[in-house]
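Chemist: Have a look at this one.
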Amino acid sequence: MLRIILLLILVLAGVNEYGIYLHIPFCIEKCSYCSFYSVAGTSSDFKNRYTRFMCLEIEKDSLCEPDGLCTSIYFGGGTPSLLSDNNIAMLLQSLRNRFCISQDCEITLECNPAQFDYNRFLKLCDQGITRFSMGVQAMDFQLFKYLGRTGSPVTLKLLGDYFSLPALCGIDFITGIIEGDSTIPDIQMVLPLRPDHISAYLLTLEPGTALYNRARRDGLDQFQHEEYLKVASVISEHGYTHYEISNFALSGALSRHNLKYWTGKNYRGFGANAHSFIDGERYFHEADIESYMQGNAVPCREERKSGDLLVEIVFTGLRTVFGVSEEDYFRLSGLRFPKILCDRAASTSGICLTEREGWMNLAMNSESFVDYDIIVYELLEPFL
């Protein structure tokens, strides 16, 4: 009862909301396109030890405001569904013991089809998971193997069971993989099942990944441009809101946690290579799980130059149809938008500059997302 009263006081007081990210860097095998920090082939004992060190970091946290309210928790990776149910429960309990968690907190678990078991995932819902994000990536066998995925592509039967869970269920696709070989037929097969959320990411060839050196690049840029427009059109025509460059949602299914990344809200990251953003400052953990499990879990503050915050806020905010608010920037920096930024926004094609109650707002409509890189560079060039 005291906890409920405290939560009500925090909400009524208009306290700062924040999110929590838990980095679970485990995978069965590294996918050839993936540049995220992860380790493959670890034992159950190793995962158990890592979980205990994460719980210890949570207990000792001093970055989050003691009077703040956590409104989203995100298990990312890696493949968080490789954790045991007990490890997931331990992490959630540690968070509940340490932080004020809102009663309607969005709690997301990333998962792969290979770990999906309906009864297990139903129990995870009972533990508090309110949202799942499944990495489908491709259903076409040729594209699936080209990406270096293990196992077999997901089936419509499995997805039907997945979407029947009492939680918000999203799926991720990778598009623009090989010139002339579209992911759209895969997406069209799934749309009648009405996933709550769809992420459709254009393939990025990252240096250092296995795919980078063997990828077929001929005609890829033009193909990706055309593929992006077609994918956005197909998904939007089925009633989804295109609210972020790569993300589409049915009503009420926007990712509340990911919106924090894009709109300059606070989030605290726990685990090896996790990052945090607190009151305009960035913090990070080293990408070294062994060091983390030796007790080196204090996040480092990132050294940044004057003006970096403005670039980051505009760069991430313009990824969404909501844009970037001068009021939010003022909250973080105590500064208004520079005049040169507003002048350039007014003359940059694809940018909408509006004013509300004395605050400026910069936004990009979804039709302009395909040219995001060009538009943002043109807008921010004086600050780079």
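Chemist: Kindly establish whether L156 is open to solvent by less than 70 Å² (accessible area, probe 1.4 Å) and of a type in the set (A, V, I, L, M).
Modeler: Working: open to solvent by less than 70 Å² (accessible area, probe 1.4 Å): no; of a type in the set (A, V, I, L, M): yes.
Here the answer is no, as L156 does not meet what is asked.
Chemist: So, in the range 233-253, of the ones that are among the polar types (S, T, N, Q), over 21 Å from F315 (Cβ atoms) and in contact (Cβ under 8 Å) with a residue 12 or more places away in the chain, which residue ends up most open to solvent (accessible area, probe 1.4 Å)? Break it down stepwise before answering.
Modeler: If we filter the range 233-253 for residues that are among the polar types (S, T, N, Q), which is where we start, we get 233, 236, 241, 246-247, 251.
Keeping just the survivors that are over 21 Å from F315 (Cβ atoms) gives 233, 236, 241, 251.
When the remaining residues are screened for being in contact (Cβ under 8 Å) with a residue 12 or more places away in the chain, the result is 236, 241.
Numbers: S236: 47, T241: 72 Å².
Within the range 233-253, the match that is most open to solvent (accessible area, probe 1.4 Å) is T241.
Chemist: Out of everything in the range 215-232 that is in contact (Cβ under 8 Å) with a residue 24 or more places away in the chain, of a type in the set (A, V, I, L, M, F, W, C) and farther than 10 Å from E179 by Cβ, what residue ends up being most open to solvent (accessible area, probe 1.4 Å)?
Modeler: L229
Chemist: Under 8 Å by Cβ, and 6 or more places apart or on different chains, what pairs join a residue from the range 73-87 that is without any contact (Cβ under 8 Å) to a residue 60 or more places away in the chain with one that is surrounded by fewer than 19 Cβ atoms within 10 Å (Cβ to Cβ) and basic (K, R)?
Modeler: L82/K47; L83/K47; S84/K47; D85/R120; D85/K123; N87/K47
Chemist: Sticking with this one: Collect the residues in the range 187-214 that are of a type outside the set (S, T, N, Q), at pLDDT 90 or above, open to solvent by less than 10 Å² (accessible area, probe 1.4 Å) and not in a loop (DSSP other than H, G, I, E, B), keeping them in residue-number order.
Modeler: Those that are of a type outside the set (S, T, N, Q), at pLDDT 90 or above, open to solvent by less than 10 Å² (accessible area, probe 1.4 Å) and not in a loop (DSSP other than H, G, I, E, B): I187, V190, L191, I198, A200.
Chemist: Right, another one. Could you tell me whether the range 19-41 includes any residue that is farther than 28 Å from E206 by Cβ and either open to solvent by 20 Å² or more (accessible area, probe 1.4 Å) or part of a strand (DSSP E or B) (or both)?
Modeler: Step one: filter the range 19-41 for residues farther than 28 Å from E206 by Cβ, giving none.
No: the range 19-41 contains no residue that is farther than 28 Å from E206 by Cβ and either open to solvent by 20 Å² or more (accessible area, probe 1.4 Å) or part of a strand (DSSP E or B) (or both).
Chemist: Another one. How many residues does the range 349-384 contain that are outside any helix (DSSP H, G or I) and either farther than 17 Å from V311 by Cα or among the polar types (S, T, N, Q) (or both)?
Modeler: Applying the first criterion (outside any helix (DSSP H, G or I)) to the range 349-384 yields 349-365, 384.
Add one more test, that the residue is either farther than 17 Å from V311 by Cα or among the polar types (S, T, N, Q) (or both), and what stays is 349-350, 352, 354-359, 361, 365.
Residues in the range 349-384 being outside any helix (DSSP H, G or I) and either farther than 17 Å from V311 by Cα or among the polar types (S, T, N, Q) (or both): 11 in total.
Chemist: If you check every pair at least six apart or on different chains, which have Cβ atoms under 8 Å apart with a residue in the range 287-299 that is under 10 Å from M54 (Cα atoms) first and a residue that is basic (K, R) second?
Modeler: That search, which allows pairs on different chains as well, returns M293/R49; A297/K60.
Chemist: Sticking with this one: Quick one: in the range 332-348, which of the residues that are of a type outside the set (A, V, I, L, M, F, W, C), part of a loop (DSSP other than H, G, I, E, B) and surrounded by 11 or more Cβ atoms within 10 Å (Cβ to Cβ) is modelled with the lowest pLDDT? So that I can check it myself, show each step before the final result.
Modeler: Step one: list which residues in the range 332-348 are of a type outside the set (A, V, I, L, M, F, W, C), which gives 333-334, 336, 338-339, 343-344, 347-348.
If we keep only those that are part of a loop (DSSP other than H, G, I, E, B) as well, we get 334, 336, 338, 348.
In the following step, the residues that additionally are surrounded by 11 or more Cβ atoms within 10 Å (Cβ to Cβ) were identified as 336, 338, 348.
Details: R336: 97, P338: 97, T348: 94.
If we take residues in the range 332-348 being of a type outside the set (A, V, I, L, M, F, W, C), part of a loop (DSSP other than H, G, I, E, B) and surrounded by 11 or more Cβ atoms within 10 Å (Cβ to Cβ), then T348 is modelled with the lowest pLDDT.
Chemist: Please give the number of the condition T51 fails out of (1) within 19 Å of S102 (Cβ to Cβ); (2) in contact with a helix residue (DSSP H, G or I) (Cβ under 6 Å, 6 or more places away or on another chain); (3) open to solvent by less than 10 Å² (accessible area, probe 1.4 Å).
Modeler: The one condition T51 does not meet is (1).
Chemist: Could you list, in sequence order, all residues of the range 45-82 that are hydroxyl-bearing (S, T, Y) and modelled with pLDDT of 95 or more?
Modeler: In the first step, residues of the range 45-82 are kept if they are hydroxyl-bearing (S, T, Y); the result is 50-51, 62, 71-72, 74, 79, 81.
Answer for the range 45-82, where residues must be hydroxyl-bearing (S, T, Y) and modelled with pLDDT of 95 or more: Y50, T51, T71, S72, Y74, T79, S81.
Chemist: While we're looking at this one, here's another question. Please specify each residue of the range 123-143 satisfying the condition of being surrounded by fewer than 21 Cβ atoms within 10 Å (Cβ to Cβ) and aromatic (F, W, Y).
Modeler: Once the filter is applied, which keeps residues that are surrounded by fewer than 21 Cβ atoms within 10 Å (Cβ to Cβ) and aromatic (F, W, Y), the range 123-143 yields only F141.
Chemist: Continuing with the same structure: Do we find a residue being charged (D, E, K, R), in contact with a Phe, Trp or Tyr (Cβ under 6 Å, 6 or more places away or on another chain) and in contact (Cβ under 8 Å) with a residue 24 or more places away in the chain anywhere in the range 306-324?
Modeler: Here is the first cut: in the range 306-324, the ones charged (D, E, K, R) are 308, 312, 319.
Now restrict to residues that are in contact with a Phe, Trp or Tyr (Cβ under 6 Å, 6 or more places away or on another chain): 319.
Applying the additional criterion that residues be in contact (Cβ under 8 Å) with a residue 24 or more places away in the chain yields 319.
Yes: one or more hits.
Chemist: Same structure again: Is there any pair with a first residue in the range 343-359 that is touching a residue at least 60 places away in the same chain (Cβ under 8 Å) and a second that is of a type in the set (F, W, Y) whose Cβ atoms are under 8 Å apart and which are 6 or more apart or on different chains, and what are they?
Modeler: none
Chemist: If you go through the range 159-186 one residue at a time, how many are touching a residue at least 60 places away in the same chain (Cβ under 8 Å) and open to solvent by less than 20 Å² (accessible area, probe 1.4 Å)?
Modeler: Residues of the range 159-186 that are touching a residue at least 60 places away in the same chain (Cβ under 8 Å), as a first pass: 168, 170, 174.
Narrowing the set further to residues that are open to solvent by less than 20 Å² (accessible area, probe 1.4 Å) leaves 170, 174.
Residues in the range 159-186 being touching a residue at least 60 places away in the same chain (Cβ under 8 Å) and open to solvent by less than 20 Å² (accessible area, probe 1.4 Å): 2 in total.
The values are calculated or read from the model by the stated rules, or taken from the named source; none is laboratory data. Please read all numbers here as calculations on a predicted model, not as lab measurements. Neighbour counts run over all protein chains shown; Cβ positions are idealised from the backbone, glycine included. Quick note on the areas: whole protein, heavy atoms, side chains included, nothing else; ligands and nucleic acids left out. Shrake-Rupley method; radii C 1.70, N 1.55, O 1.52, S 1.80 Å.
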